[in-house]
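Heads up, the thing below is written out as structure tokens.
The values are calculated or read from the model by the stated rules, or taken from the named source; none is laboratory data. Source: prediction; values computed, not measured. Methodologically, a virtual Cβ is constructed for each residue, glycine included, from the backbone with ideal geometry; neighbour enumeration extends over all protein chains shown. We work out accessible area using only protein heavy atoms, side chains counted, and drop any ligands, DNA or RNA first. Shrake-Rupley method; radii C 1.70, N 1.55, O 1.52, S 1.80 Å.
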Amino acid sequence: METETTYFAPAERASEQELAREIKLAASSPVMSGILKSVGGLIAILDGHRQIVAINDSFARMLGISDVEEAMGLRLGEAVNCIYSARQPGGCGTSEYCSTCGAVIAMVTGMATKDTVERVCAVTIKDDCSTKDIVMRVRCQPVELEDTDFLLLFLQDITEQQQKAALERVFFHVWNKQFIPDDIARRIFQRNFSTKAEEGRGIGTYSMKLFGEQVLNGKVSFTTSAENGTTFTLEHPIS
């Protein structure tokens, strides 16, 4: 079988038979079932290919589905309709944008280290004909059932908390001596995206573009290089 191209996480998925076995294994585990029913918040169980094999009722409501079977086999970005989840044939986790996704990083790291990993994930989701920006705190806990690896995924929507913290620290840079790597540059204007872990981050460049283009009707862009650093430019037409 030809391996699909990936820019970050493995693209391979479980076969139909393997996925069915994993779904049955997760459903029959008293521990897994107990966590899904008793722990609050958004919870999913993923297999070793980052595919959903179980979710709790809160997560199903968040996804807007009445039958949890609709989410089985999907990856997180595909389930929530992340705008980058279909950029590559391999789906969620495989595009050039995914290397800076907090959720995918937490999953891959958790699987590799067999340890609990927590990250903040800024995601833009498609909502009918529009898009919406949300921020989630993602916590991945690796577990093993009958020699099969799973991930317990705990999600917390911190969008309002993030935006409230950001109101106190929005500011604009015109020049910075630091060079912006390609993986960061691709998402530099995405709302809530930040390489920093603190809350209230990821609003500065987004606000710059929003104000410069939506309010001033200009064009905000940037250039970056190791030699010259990074320069943000606002172009405004002469009226």
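In table form, for the structure just shown:
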read-out: Hey, Glu4 in contact with a Pro (Cβ under 9 Å, 6 or more places away or on another chain) and either surrounded by 17 or more Cβ atoms within 10 Å (Cβ to Cβ) or farther than 15 Å from Leu151 by Cα (or both) or not; value: yes
read-out: Residues that are touching an Asp or Glu at 6+ places or on another chain (Cβ under 9 Å) and modelled with pLDDT under 95, drawn from the stretch 43-74; value: Met62, Leu63, Val68
read-out: Unique residue being over 24 Å from Ser66 (Cβ atoms) and under 10 Å from the mean Cα position of the chain (by Cα) when the list is Thr116, Thr148, Thr100; value: Thr100
read-out: Per-region count, the stretch 18-57, residues surrounded by 13 or more Cβ atoms within 10 Å (Cβ to Cβ), basic (Lys, Arg) and over 17 Å from Leu155 (Cβ atoms); value: 1
read-out: Spans of helices (runs of 4 or more DSSP H) in the stretch 45-114 with at least 2 residues in contact with a strand residue (DSSP E or B) (Cβ under 9 Å, 6 or more places away or on another chain) and farther than 25 Å from Gln17 by Cβ; value: 57-63, 102-113
read-out: Options Thr148, Thr100: the member that is of a type in the set (S, T, N, Q), closer than 30 Å to Leu234 by Cα and open to solvent by 10 Å² or more (accessible area, probe 1.4 Å); value: Thr100
read-out: Subset of the stretch 112-137 [open to solvent by less than 80 Å² (accessible area, probe 1.4 Å) and under 20 Å from Ala26 (Cα atoms)]; value: Thr116
